[in-house]
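Here, each number is a calculation from the coordinates, and none is a lab measurement. These figures come from a predicted structure and were not determined experimentally. Methodologically, a virtual Cβ is constructed for each residue, glycine included, from the backbone with ideal geometry; neighbour enumeration extends over all protein chains shown.
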Amino acid sequence: MPDTPKKLHLAQFMVHGPTYQSHAMWRHPETVKAGYDWQRPELYEHIARTCERGKFDMLFFADLNYISDSFRGTIAPALKHGSQVPSHDPMPLLTWLGAVTTRIGLASTFSTSHVHPFHVARTWATIDHLTSGRAGWNVVTSVNHNQSANYGVDHEETERRYEKAHEYFEVCRQLWNSWDEDALVMDPEIPQFADPDKVHRIDFEGEFYRSRGPLNVTRSPQNGPVIMQAGTSPKGRDFAAQYAEAVFAIQPQRAEAKKYRDDIRKRAAELGRNPDACKVLFGAQVVVGSSEQEAVDKLGEHNALVEPEAGMTVMSAHLDFDLSTLPSDSIMESHDHPPLQRMKTRYRDDKGKPLTVAEVAKKHGQSVGVPQFTGTPESVTDRLLEFADYIGGDGFILSPLYNPGSIDEFVDLVVPELQKRGRFRKNYTGKMLRDHLSE
Ligand SMILES: Cc1cc2nc3c(=O)[nH]c(=O)nc-3n(C[C@H](O)[C@H](O)[C@H](O)COP(=O)(O)O)c2cc1C
């Protein structure tokens, strides 16, 4: 008997703002023609309903709390190019989208570096209630000095940020557990509202945080949100392997993607977890055409729209390193500044040759390193499955080139093809985000 082919998991990458991973998206003719105002909820409602129709696991909102001055020491280029700015707060939007959908998961980033864990535990438990168990939290520690500056604190090194994040998460976990499952009595006759023996103080005294507890929010349907992570450093990977139920990753080359997933699974197994409980979703931009050539042309048109300076700006922000200090025609890999190490070998040309700083930045502006797949509905499905199967799973986090047209096209043209091949669900079987991920 042949093995049943493994079904993919799909998430939609979003930002509560004009720019996602493509720096051409906000001014692409198809985005302009669609005419949505990204500051209004209608665009997100449309996307949420579309992705729910496509039976996606979740919508995921990235979040940054700054306008970057990492390139040339000024916020001017970030504002000129809409370089991942503005970023409106995604948390209120999650509850809004919870009201217009019933099944799709609703996730966003929240950083552990600047707000007390009691506040965060309370907000996530509330969102999990309001969405009937569809909340997901991407736990980040914030790599960029701009965010620390906005919160008026010194920017700390990766190691220290993750040390704090472990303790932070422990405070949240204890707060979510501070209400036993049957603590809420709500019997008007006795009368008894809640059972005081089943609601516990946590009396947490750590190195970085203190909290008495209990949480003043009842135990939520998933007992807090589903946990996600997107770390690349060894400490980030450890954090993901320990707690995450889904990990987001960007790896343009499939051999590197396989190495990354294997590494996360190995770390999870070493911590005594079942590695299958931690799904690794890889970023993908998908361009569909009625012919191969049409799809290639559509991609070419998109990529040509990215201003070189937009690429420099976003890459400087992501590295927290000013790329204007390097000669733009020098080979990126030849530089050894520590902040560059994370990304300097991410990009190569089609023949595997190293690229210049300007070439790397241009590619970063197109997709921040997310691989681009083109084809007809059938051939692009082949390519996505080849990538996923080579790696061993688990699915993709999709990123549009124009908004919301790319998302509509994927749901209308590619999802049916994946379903026809038995590689994606035709219906939700569970109600909560954790159910979708564990299918
Ligand atoms: C798909 C994806 C989404 C991400 N979203 C965010 C985000 O919303 N906010 C953020 O500060 N960092 C985000 N990151 C960055 C990571 O959380 C992480 O900081 C980065 O990969 C560096 O890893 P490290 O912290 O382990 O060094 C994202 C990364 C990926 C791959």
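For the range 45-93, the spread of Cα positions along the three principal axes, ordered from largest to smallest, is 44, 19, 15 Å.
Can you give me the angle between helix 41-53 and the longest principal axis of the chain, using Cα atoms only, in degrees from 0 to 90, rounded to the nearest 10? Around 90 degrees separate the two axes. Taking all Cα pairs closer than 8 Å and separated by 6 or more residues, the relative contact order of the range 1-118 comes to 33 percent. Taking 22 Å as the straight-line reach from the Cα of K362, the lysines in range (excluding those fewer than 8 positions away in the same chain) are K80, K298, K344, K351, K353.
Take the convex hull of the alpha carbons in the range 95-227; its mean projected area over all directions comes to 9.6 nm².
More than 27 angstrom separation, counting every C-alpha pair in the range 284-439; what % is that? In whole percent, the share of Cα-Cα pairs in the range 284-439 beyond 27 Å is 36. The range 1-54 and the range 117-167 have Cα centres separated by 24 Å.
Note that the range 402-411 has calculated 3J(HN,Hα) couplings of 9, 10, x, x, 4, 6, 4, 5, 4, 5 Hz, one per residue in order, obtained from phi through the Karplus relation 6.51 cos²θ - 1.76 cosθ + 1.60 (θ = phi - 60°); glycine and proline are x. Globularity index of the range 250-308 is 1.67 (Cα radius of gyration / 2.2 N^0.38 Å, N = number of residues).
For helix 158-176, what angle does its Cα long axis make with the longest principal axis of the chain, in degrees from 0 to 90 and rounded to 10? So the inclination is approximately 40 degrees.
Projecting the Cα atoms of A78, F204, A230 onto the dipole axis of the chain, where Lys and Arg carry +1 and Asp and Glu carry -1 at the beta carbon, places A230 farthest toward the positive end.
To the nearest 20 Debye, how big is the dipole of the range 250-307 about its Cα centre, given +1 on the beta carbon of each Lys and Arg and -1 on that of each Asp and Glu? Don't skip to the end; give the middle numbers.
Values: 10 positive and 10 negative charges, 124 e Å.
Rounded to the nearest 20 debye, it is 600 debye.
Note on the chain: GNM, Cα springs under 10 Å; of Q341, Q84, Q21, the largest mean-square fluctuation is that of Q341.
If you count the DSSP beta bridges with both ends in the chain, what percent of them are antiparallel, to the nearest 5?
Antiparallel: roughly 15 percent of the beta bridges in the chain.
The residue among L10, H28, F56 whose Cα reaches farthest toward the positive pole of the charge dipole of the range 1-80, with charges on the beta-carbon of Lys, Arg, Asp and Glu, is H28.
Once both axes come from the Cα atoms, what is the angle between helix 357-367 and the longest principal axis of the chain, in degrees from 0 to 90, rounded to 10? Once rounded, one gets 50 degrees. The chain: Rg/Rh from Cα coordinates, Kirkwood Rh? So for the chain, dividing Rg by the Kirkwood Rh gives 0.97.
Distances between every pair of Cα atoms in the range 11-72, grouped in 10 Å steps from 0 to the bin holding the largest one, split as 19, 48, 27, 6, 0 percent.
Mind running the shape call on the range 275-347? Use the C-alpha gyration tensor, a ≥ b ≥ c as the square roots of the eigenvalues: rounded below 1.5 for a/c, prolate if a/b tops b/c, oblate otherwise. Walk me through the numbers before you get to the answer.
Details: a/c = 2.66, a/b = 1.30, b/c = 2.05.
Here the range 275-347 falls in the oblate category.
Distances between placed amide hydrogens fall under 5 Å for T356 paired with M332, all partners being 5 or more residues away or on another chain. Past 18 Å, Cα to Cα, is the threshold; run K7/K55; K55/K426; K7/K420; K164/K279 against it and keep the listed order. The pairs that break the limit, which is 18 Å between Cα atoms, are K164/K279.
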